[in-house]
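Have a look at the structure below before the remarks.
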Amino acid sequence: IHDLAAGGVIITTGDTATQTMGKTIVSDNIIYDFSQIYTIYNPAVGIKGHGAEVSHNEIYNCAHCAISICAGQCDIAYNNVHDCCLEVGDGGAIYTWGRFIWAGNVFRYNYVHRIGDILNPILGLSRPGAGSGMFFDFWGKYSLCYGNVFADVRGCCMCGASGHMT
């Protein structure tokens with residue numbers, strides 16, 4: 001999947017209100033050169049709801065996030081994510097945020113590399129932050145994160161707001 005004006009695979013699964021698990025799987029895709037016109041918050045894979053799996057994907061070359069999770073009880077595993085957050089300083093290649101009930105996500109064995117803002121340095125601008133490998137924003141911190149590999153990333157994991165992170 002490539003050369004998209006906005007995001008790629010955007011799914012709504014399960015039922016957050018009743019904590020009913022969805023059975024949606026996004027796996028074995030190569031997604032690149034997406035969000036070329038609508039650059040911010042248009043991920044390659046966007047999840048809303050409860051209970052999804054995103055695994056074994058290669059996602060690269062975007063201005064902002066590669067995977068966005070506004071859901072709970074999701075399994076994000078074995079993805080190769082690189083060359084993302086190329087035009088933002090406050091964001092993450094894998095980005096999760098939302099409400100308290102969007103808890104219980106698991107992030108495991110992802111390879112996240114070459115993440116960072118290249119646009120502003122090219123323009124001669126300087127600003128703190130260069131994008132994170134994973135960004136747990138708001139209540140997105142109620143998650144489990146292990147076995148991930150980060151390379152050439154200024155900030156591996158950014159944890160914002162209050163919550164419990166393992």
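The values are calculated or read from the model by the stated rules, or taken from the named source; none is laboratory data. Since the structure is predicted, the reported quantities are computational estimates derived from the model, not experimental observations. Cβ sites come from the backbone with ideal geometry, for glycine too, and all protein chains shown count toward neighbours.
Of the residues ILE10, ILE31, which is crowded, with 21+ Cβ neighbours inside 10 Å and either assigned to a strand (DSSP E or B) or touching a strand residue (DSSP E or B) at 6+ places or on another chain (Cβ under 8 Å) (or both)?
ILE31
Quickly run through the stretch 79-98 and pick out the residues that are part of a strand (DSSP E or B), within 20 Å of SER27 (Cβ to Cβ) and not aliphatic (A, V, I, L, M).
Answer for the stretch 79-98, where residues must be part of a strand (DSSP E or B), within 20 Å of SER27 (Cβ to Cβ) and not aliphatic (A, V, I, L, M): ASN80, HIS82, TYR95, THR96.
Please find, within the stretch 135-166, the residue that is modelled with the lowest pLDDT out of those that are touching a helix residue (DSSP H, G or I) at 6+ places or on another chain (Cβ under 9 Å) and of a type in the set (Gly, Ala, Ser).
SER162
Among the residues of the stretch 36-63, what is the count of those that are surrounded by 24 or more Cβ atoms within 10 Å (Cβ to Cβ) and either assigned to a loop (DSSP other than H, G, I, E, B) or of a type in the set (Phe, Trp, Tyr) (or both)?
Selection size over the stretch 36-63: 4.
How about the stretch 50-65: which of its residues are more than 13 Å from the chain's Cα centre (by Cα) and among the small types (Gly, Ala, Ser)?
Answer for the stretch 50-65, where residues must be more than 13 Å from the chain's Cα centre (by Cα) and among the small types (Gly, Ala, Ser): GLY51, ALA52.
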